[in-house]
Amino acid sequence: MEIRALQGEIEQVQAEAAVVTIFEDKTAPPESQSVLDRVDGVLGGLIQSLIQAGEIKGKVNETTLIHTFGRLAPARLLVVGLGKREEFSPLRVRRAAGTAARFLRRRGCRKVSSLLHGAGLDIPAAESARMVVEGTLVGLYSPDLHKTGERQPRDLEQLLLVGTQPEVGASLEPVLTAGQMTAEAVNLARDLGNEPANIMTPAAFAQKAKELAESAGLQIQVLEEADMQRLDMGGLLAVASGSEQPAKLVTLLHKPVEDTSLLTLVGKGITFDSGGISLKPREGMEKMKNDMAGAAAVLAAMWAIARMELPLNVLAVIPLTENLLSGKAFRPGDVLRTMAGKTIEIITTDAEGRLVLADALAYAVQQGATHVVDVATLTGSCAVALGGLASGLFSTDEDLADALVEAGELAGERLWRLPTYPEYKETMESKVADMKNVGGRYGDASNAAVLLREFVGDKPWAHIDIAATDWNEKTKSYLAEGPTGVGVGTMLRLAERMSRPESP
Ligand code: BES
Ligand code: ZN
Ligand code: ZN
């Protein structure tokens, strides 16, 4: 898709459709309001009459398509609702863009122009432009990877961002490229998650990582089970024991600068989580093909970090395996020894994410991580607490936690802080080993986080639990059903922030 920014008035720019927005109080953001007023002048008060007739209400993501019959340069005007003015947030801009793109694609419009929604409302024009680009490309994603019939067009041909702001024009190009690379990374993570577990095996994931590393100039290393044995990765190997698919541990390195700082991203990569011997209920188990969403997000973010050539050292550590059952599978009651030397008594084999992460985190520290962020579809408990509306954020480092919340805001991903009180550890005390892998039904999201904490030493660390936010349950006007690619945007914005010299 061709994406360009153009300074000017949108009603004078040729397009099959031009996108503007309106609030529920029937007023619009300044930029949009002046377009609506001017258009009303040309079209004899048409928009006002549609508002009066109740056809345009301005409800969130409401769409009204107006044909202009040659009286304006754009053949159509699409008015998208932004909802209540007092509820306005950058997320609404992304969703308005996604809603418009999906709606117009359905109508066969290929050349689209859009205002920089929200640019007159405290959002810098460049930020708005990036949000519209990301919202559009993420909105257009479709999960029909394996449909064999004729496919609908997936893309638009052209997106023109039009505004009268002084910064709109060729100087926005780097921002548009950043937006495009971010969205491509988000959609890559969604593709990886959409691939079923019979295709996206640990080996296939590692192969894909190799291809991406080669294309983006990342150093890659793939550890095999023999290496894991040598490193004493008893957590990862125990989970892998029930599967015919060999486990892999992928590391990717982006090292453009000569200092010792090393942001390390760790992603849970369970290519299918059946629960193991502690089998999950059958209902919805197919979604557990996306239990590698953390791994996918880390790989995709890393790909974007390299493509954007961010001047920051970043390492990705991605443990990959399946959690299945067989005569060789690990069992409740087993005791295993992790790379860090700590032993864990298994209470349920379904709490496998924390076992593979224990080893991956210890490996990250051994590799010289100075900041660690892990992303994982870790606990149903977090999903129950926050639903699909926010990911859980756990951290013992205030600066890193604040930076992540801010990065999430920029990326359109909500993070909500949950506690890591040391007392959670008491729930996991074991009679036979250093700890149990679960501490009971209550507070499991925090229990799991505190268990992970044991394996990162004193490094600044944050854990993002994306159970529930990793999967969109039902197609929305701005987003297809299925994997969301959550985490990619946040990690990327964090890396962008850390690569600016003034940041701590
Ligand atoms: N992958 C699941 C967590 C999950 C649940 C992710 C729902 C996405 C949606 C994890 O491995 C798991 O099974 N956790 C168990 C732990 C429990 C047995 C202590 C859970 O949360 O039920
Ligand atoms: Zn599980
Ligand atoms: Zn899992």
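The values are calculated or read from the model by the stated rules, or taken from the named source; none is laboratory data. These numbers were taken from a predicted model, which means no experiment stands behind them. Cβ coordinates were reconstructed from backbone atoms using ideal geometry, including for glycine residues, and neighbour counts include every protein chain displayed. Just the protein is used for accessible areas: all its heavy atoms, side chains included, with ligands, DNA and RNA removed. Shrake-Rupley method; radii C 1.70, N 1.55, O 1.52, S 1.80 Å.
Counting only strands (runs of 3 or more DSSP E) wholly contained in region 342-426, the ones carrying 3 or more residues that are more than 16 Å from ligand 3 (Cβ to nearest atom) occupy 371-376, 391-395, 415-417. Applying the criterion of being assigned to a loop (DSSP other than H, G, I, E, B) and open to solvent by 40 Å² or more (accessible area, probe 1.4 Å) to the residues of region 483-504, the residue that is modelled with the highest pLDDT is ARG500. Candidates in region 307-326 are the residues that are charged (D, E, K, R) and touching a helix residue (DSSP H, G or I) at 6+ places or on another chain (Cβ under 9 Å); of these, the one that is farthest from ligand 1 (Cβ to nearest atom) is ARG307. Checking each residue in region 261-284 for being within 11 Å of ligand 3 (Cβ to nearest atom) and of a type in the set (A, V, I, L, M) picks out only ILE270. When region 371-385 is limited to residues that are within 13 Å of ligand 1 (Cβ to nearest atom) and β-branched (Val, Ile, Thr), the one that is nearest to LEU279 (Cα to Cα) turns out to be THR379. Would a scan of region 396-404 turn up a residue that is among the hydroxyl-bearing types (Ser, Thr, Tyr), crowded, with 18+ Cβ neighbours inside 10 Å and within 13 Å of ligand 1 (Cβ to nearest atom)? No, there is no match, as no residue in region 396-404 is among the hydroxyl-bearing types (Ser, Thr, Tyr), crowded, with 18+ Cβ neighbours inside 10 Å and within 13 Å of ligand 1 (Cβ to nearest atom). Among the residues of region 259-283, which ones are more than 13 Å from ligand 2 (Cβ to nearest atom), modelled with pLDDT of 95 or more, assigned to a loop (DSSP other than H, G, I, E, B) and not hydroxyl-bearing (Ser, Thr, Tyr)? Once the filter is applied, which keeps residues that are more than 13 Å from ligand 2 (Cβ to nearest atom), modelled with pLDDT of 95 or more, assigned to a loop (DSSP other than H, G, I, E, B) and not hydroxyl-bearing (Ser, Thr, Tyr), region 259-283 yields LEU262, ARG282, GLU283. Only one of the numbered conditions (1) touching a residue at least 12 places away in the same chain (Cβ under 8 Å); (2) open to solvent by 10 Å² or more (accessible area, probe 1.4 Å); (3) farther than 30 Å from LEU82 by Cβ is violated by ASP458, and that is (1).
For region 282-306, residues that are within 14 Å of ligand 1 (Cβ to nearest atom), of a type outside the set (D, E, K, R) and either more than 14 Å from ALA185 (Cβ to Cβ) or surrounded by fewer than 24 Cβ atoms within 10 Å (Cβ to Cβ) (or both) total 6.
For ALA445, only one of the following conditions fails: (1) open to solvent by 30 Å² or more (accessible area, probe 1.4 Å); (2) within 16 Å of ligand 2 (Cβ to nearest atom); (3) assigned to a helix (DSSP H, G or I). What is its number? If we test ALA445 against (1) open to solvent by 30 Å² or more (accessible area, probe 1.4 Å); (2) within 16 Å of ligand 2 (Cβ to nearest atom); (3) assigned to a helix (DSSP H, G or I), just (1) comes out false. Out of VAL222, VAL239, one residue alone is buried (at least 24 other Cβ atoms within 10 Å of the Cβ) and not in a loop (DSSP other than H, G, I, E, B). It is VAL239.
Do you know which residues across region 157-188 are within 13 Å of SER113 (Cβ to Cβ) and either crowded, with 20+ Cβ neighbours inside 10 Å or in contact with a Ser or Thr (Cβ under 8 Å, 6 or more places away or on another chain) (or both)? Passing the criteria: LEU159, LEU160, LEU161, VAL162, GLY163, VAL168.
Note on region 125-156: residues that are among the hydrophobic types (A, V, I, L, M, F, W, C), open to solvent by 20 Å² or more (accessible area, probe 1.4 Å) and in a loop (DSSP other than H, G, I, E, B) amount to 1. If you go through region 427-442 and keep only what is in a helix (DSSP H, G or I) and open to solvent by less than 20 Å² (accessible area, probe 1.4 Å), you end up with just MET428. Within the option set ALA203, ALA216, ALA189, being on the phi < 0 side of the Ramachandran plot and in contact with a Phe, Trp or Tyr (Cβ under 7 Å, 6 or more places away or on another chain) holds for one residue only, ALA216.
Sub-8 Å Cβ pairs linking a first residue in region 346-370 that is within 16 Å of ligand 1 (Cβ to nearest atom) to a second residue that is in a helix (DSSP H, G or I) and among the β-branched types (Val, Ile, Thr), at least 6 apart or interchain, are THR349/VAL239; GLU352/VAL239; LEU355/VAL239; VAL356/VAL239, ordered by first then second residue. The residue that is least open to solvent (accessible area, probe 1.4 Å), counting only those in region 69-82 that are over 24 Å from the mean Cα position of the chain (by Cα) and over 19 Å from LEU159 (Cα atoms), is GLY81. Filter region 461-482 down to the residues that are more than 16 Å from ligand 2 (Cβ to nearest atom) and among the β-branched types (Val, Ile, Thr), then identify the one that is surrounded by the fewest Cβ atoms within 10 Å (Cβ to Cβ). Once the filter is applied, the top-ranked residue is THR475. Each residue in region 304-344 was checked for being more than 20 Å from the chain's Cα centre (by Cα) and either closer than 20 Å to SER243 by Cα or among the β-branched types (Val, Ile, Thr) (or both), and 20 of them qualify.
Results for (1) of a type outside the set (A, V, I, L, M); (2) over 30 Å from ARG106 (Cβ atoms), shown as yes or no for each residue.
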residue: ARG453; (1), (2): yes, yes
residue: ALA467; (1), (2): no, yes
residue: TRP471; (1), (2): yes, no
residue: THR484; (1), (2): yes, no
residue: GLY489; (1), (2): yes, no
residue: ALA495; (1), (2): no, yes
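Would you pick out the residues in region 14-27 that are buried (at least 17 other Cβ atoms within 10 Å of the Cβ), closer than 17 Å to LEU77 by Cβ and not hydroxyl-bearing (Ser, Thr, Tyr)? Residues satisfying the conditions are ALA15, GLU16, ALA17, ALA18, VAL19, VAL20, ILE22, PHE23. Could you say whether any residue in region 245-262 is surrounded by 15 or more Cβ atoms within 10 Å (Cβ to Cβ), more than 28 Å from LEU115 (Cβ to Cβ) and free of Cβ contacts under 8 Å to residues at least 60 places away in the same chain? The answer is yes, given that some residue of region 245-262 is surrounded by 15 or more Cβ atoms within 10 Å (Cβ to Cβ), more than 28 Å from LEU115 (Cβ to Cβ) and free of Cβ contacts under 8 Å to residues at least 60 places away in the same chain.
Of all residue pairs spaced 6 or more apart or on separate chains, those with beta-carbon atoms under 7 Å, a first member in region 293-319 that is over 22 Å from LEU236 (Cβ atoms) and assigned to a helix (DSSP H, G or I) and a second member that is β-branched (Val, Ile, Thr) and at pLDDT 95 or above are ALA304/THR182; ILE305/VAL314.
Is one or more of the residues making up region 4-21 among the small types (Gly, Ala, Ser) and without any contact (Cβ under 8 Å) to a residue 60 or more places away in the chain? Looking through region 4-21, none of the residues is among the small types (Gly, Ala, Ser) and without any contact (Cβ under 8 Å) to a residue 60 or more places away in the chain.
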